[in-house]
Amino acid sequence: MEIATIYNYFLQSTGIATDNRKINANNMFVALKGDNFNGNKFALSALESGAKFAIIDEVEYKIDERFILVDNTLETLQKLANYHRNQLDIIIIGLTGSNGKTTTKELIHAVLSQKYNTKATVGNLNNHIGVPLTLLSFDASTQIGIVEMGANHQKEIEMLCGICEPDFGYITNFGKAHLEGFGGTEGVIKGKSELYEFLFANQKTAFVNTDDAIQNDKTKNITNITFGLNTPENFVSISNIETNPMVKIEFENTIIQSHLIGLYNANNINAAITIGKHFGVSNEKIKFGLENYIPNNNRSQLLEKDSNKIILDAYNANPSSMVAALTNFFQLKEKNKIAILGDMFELGLESSEEHKKLIDFCINQTDSNFYFIGKDFITHKNLNSNMHFYDTFESFKANFTKQKTENSIILIKGSRGMSLERTLEIL
């Protein structure tokens with residue numbers, strides 16, 4: 001069936017659903033497959049729950065005209081999203097990077113929504129399924145769409161760009177994330193730079209942080225809009241950065257007091273300012289949007305529990321983001337510092353070395369107590385009195401609850417699979 005025909009069915013629906021347990025009336029259900037499930041088996045259930053159409057790719061599940069049979073449901077979802085993107089009069093900003101993607105996306109959204117009807121990727125729906133779902137959530141009223149693109153191997157960003165066809169792009173940074181899939185640090189740079197390659201090939205525009213040497217090098221031949229720290233030659237330059245612990249910055253005689261923790265978030269704020277100014281958002285509205293953004297979902301949240309202050313940054317972790325978070329943590333003026341750190345995943349052959357490097361990075365911080373959790377950290381266990389190692393969260397919990405933790409500032413950070421937000425329950 002031609003994609004244009006399927007699109008006509010889509011226009012008759014109230015949006016896409018991929019979970020038969022979460023059907024809204026008149027949705028179009030797409031029967032996706034995974035290693036342990038087959039969505040075709042739930043197509044009838046989706047229709048009985050109120051869906052108007054069901055896209056399937058196994059003929060034995062087709063019962064009547066409500067079932068739309070295609071060769072591959074995932075490919076159809078992606079083609080449908082691309083077709084929809086090209087029916088809309090919309091500006092798409094594509095965003096990727098090793099660290100800070102989601103926070104930067106939310107900041108850009110907070111700024112642009114002060115002037116435009118703006119929609120952005122919900123949560124972290126940033127992969128080969130999430131990007132199409134994001135695009136298909138945009139409608140004729142959407143003026144600017146912000147599409148976060150995640151990747152753990154090369155050619156993935158290239159594929160996602162082919163679906164969303166961004167008009168503008170920004171790469172937050174090139175860090176040590178998903179090293180296993182990318183094949184090392186150089187593989188990360190090559191994979192993320194597929195966004196730059198798309199922008200160059202299609203004569204589109206990149207937003208560039210000129211404080212990042214790699215961004216500078218990779219965007220020499222691309223139309224770009226630049227920003228940086230104390231760089232008046234750029235389109236936007238921020239100055240007077242303070243972190244105690246929330247980031248405060250100044251640009252064009254405008255002071256912004258954010259709810260974000262860490263010097264690394266100054267670049268994320270700067271990117272949002274730059275994109276906002278490019279699209280004509282006033283400084284006053286940029287300030288309002290940024291100052292009213294409050295992080296959630298375990299990302300750089302500052303919490304208070306009894307007498308303790310807690311920096312909860314447990315959504316994810318890699319060597320680059322760990323070093324950035326710890327650098328900021330070490331600079332804080334508070335006494336009684338505790339860092340609870342979980343294993344970093346998807347580092348492949350470099351995992352052991354990177355976990356050891358992180359322990360070595362902390363080794364001279366004698367005014368802090370460290371709790372390292374996970375099989376990768378415990379491999380490098382040492383006898384330093386302020387360093388404690390546990391192979392599982394359960395063993396950490398059993399020991400940590402024996403002590404009183406009062407009047408402390410606590411950093412909690414680890415990969416998503418470590419679920420270190422559980423620490424809140426025992427503080």
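Summary of computed values
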item	result
Filtered residues of the stretch 70-125 (kept if assigned to a helix (DSSP H, G or I), over 17 Å from Asn209 (Cβ atoms) and of a type in the set (D, E, K, R))	Glu75, Lys79, Arg85, Glu106
Neighbours by Cβ (under 8 Å, 6+ apart or cross-chain): first from the stretch 282-302, in contact (Cβ under 8 Å) with a residue 12 or more places away in the chain; second of a type in the set (A, V, I, L, M, F, W, C) and surrounded by fewer than 16 Cβ atoms within 10 Å (Cβ to Cβ)	Lys287/Ile255; Leu302/Met246
Residue in the stretch 14-27 that is over 19 Å from Thr134 (Cβ atoms), among the hydroxyl-bearing types (Ser, Thr, Tyr) and surrounded by 14 or more Cβ atoms within 10 Å (Cβ to Cβ) present	no
Boolean, Asn407 is at positive phi and in contact with a Ser or Thr (Cβ under 9 Å, 6 or more places away or on another chain)	yes
Residue that is farthest from Gln331 (Cα to Cα) [pool: residues in the stretch 248-270 that are of a type in the set (S, T, N, Q) and in contact with a Phe, Trp or Tyr (Cβ under 9 Å, 6 or more places away or on another chain)]	Asn270
Test: residue in the stretch 106-119 that is among the polar types (S, T, N, Q), touching a strand residue (DSSP E or B) at 6+ places or on another chain (Cβ under 8 Å) and in the same structural domain as Asn224 (by TED's automatic domain parsing)	yes
So Phe345, is it surrounded by 22 or more Cβ atoms within 10 Å (Cβ to Cβ), in contact (Cβ under 8 Å) with a residue 24 or more places away in the chain and either out of contact with any Lys or Arg (no Cβ under 7 Å at 6 or more places or on another chain) or of a type in the set (D, E, K, R) (or both)	no
Residue within the stretch 302-313 that is under 16 Å from the mean Cα position of the chain (by Cα) and either surrounded by fewer than 21 Cβ atoms within 10 Å (Cβ to Cβ) or within 18 Å of Ser98 (Cα to Cα) (or both) present	yes
Any hit, the stretch 105-112, residues being farther than 19 Å from Gly169 by Cβ and among the charged types (D, E, K, R)	no
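The values are calculated or read from the model by the stated rules, or taken from the named source; none is laboratory data. Bear in mind that the values here come from a model prediction, so they are computed numbers and not experimental data. Because the Cβ atoms are built from the backbone with ideal geometry, glycine has one as well, and the counts that use them run over all protein chains shown.
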